[in-house]
1. Would you order Cys93, Cys74 from fewest to most other beta-carbon atoms within 10 Å of each residue's own beta-carbon?
2. Roughly what would the spin-label model give for His76 and Thr104, points 7 Å off Cα along C-beta, in nm?
3. Roughly how many whole Å is it from the C-alpha centroid of segment 1-29 to that of segment 52-86?
4. Of Pro69, Pro56, Ala13, whose Cα points farthest to the positive end of the dipole of segment 13-95 (charges on the beta-carbon: +1 Lys, Arg; -1 Asp, Glu; origin at the Cα centre)?
5. Fewest first, what order do Leu31, Leu4 take by the number of other Cβ atoms within 10 Å?
6. Can you work out the PRE-style zone for Glu112? Point 7 Å along Cα to Cβ, and I want the residues of segment 54-87 with backbone N under 12 Å.
7. How big is the charge dipole of the chain about its Cα centre, in debye rounded to the nearest 20, if each Lys and Arg gets +1 on its Cβ and each Asp and Glu gets -1 on its Cβ?
8. Give me Val83, Val40, Val29 ranked fewest to most by other Cβ atoms within 10 Å of their Cβ, as a rough exposure proxy.
Amino acid sequence: MHELAIAQSIVEAVEAKASECHATHVKAVRLKIGEASGVVTDSLTFCFEMLSSLEPRLAGAKLLIDSMPHRAYCRHCEQEFSVTNFVAQCPTCQEWSSEIISGTELQILEMEFVT
């Protein structure tokens, strides 16, 4: 379960930023997670809630997740398309010369603090 390690990294990053900002409490953390990132969001949420409950400053913090679709750009016909089952072949021209443009993200977008 790599979600536990990811949640631990998120908690550490948020705790460090909250300390830097002299926050007394963290209300929410918003993430951007791509469909093809390999992260199971329910598991990540569970792990985050468990770990954040152990940190007084993070206890009760909400984890908000924005899901990003798995999309690609065809360099041949210059069309964007949805990637299905990790197959990045352009459905318009059938070329394989595509570039993944979204869906692999795992980013902390914002943190809401009480100071």
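1. On the way: Cys93 13, Cys74 21.
With the fewest neighbours first, Cys93, Cys74 line up as Cys93, Cys74.
2. So the two model labels end up 2.1 nm from each other.
3. Distance between centres, Cα-based: 18 Å.
4. Working it through, the farthest residue towards the positive pole turns out to be Pro56.
5. Neighbour counts put them in this order, fewest first: Leu4, Leu31.
6. 61-65
7. The dipole magnitude comes to about 160 debye.
8. Ascending number of Cβ neighbours within 10 Å: Val40, Val83, Val29.
Throughout, read-outs are computed from the coordinates displayed, never taken from laboratory work. As the structure is a prediction and not an experimental result, all values here were calculated from the model. No Cβ is skipped: glycine too gets one built from the backbone with ideal geometry, and neighbour counts run over all protein chains shown.
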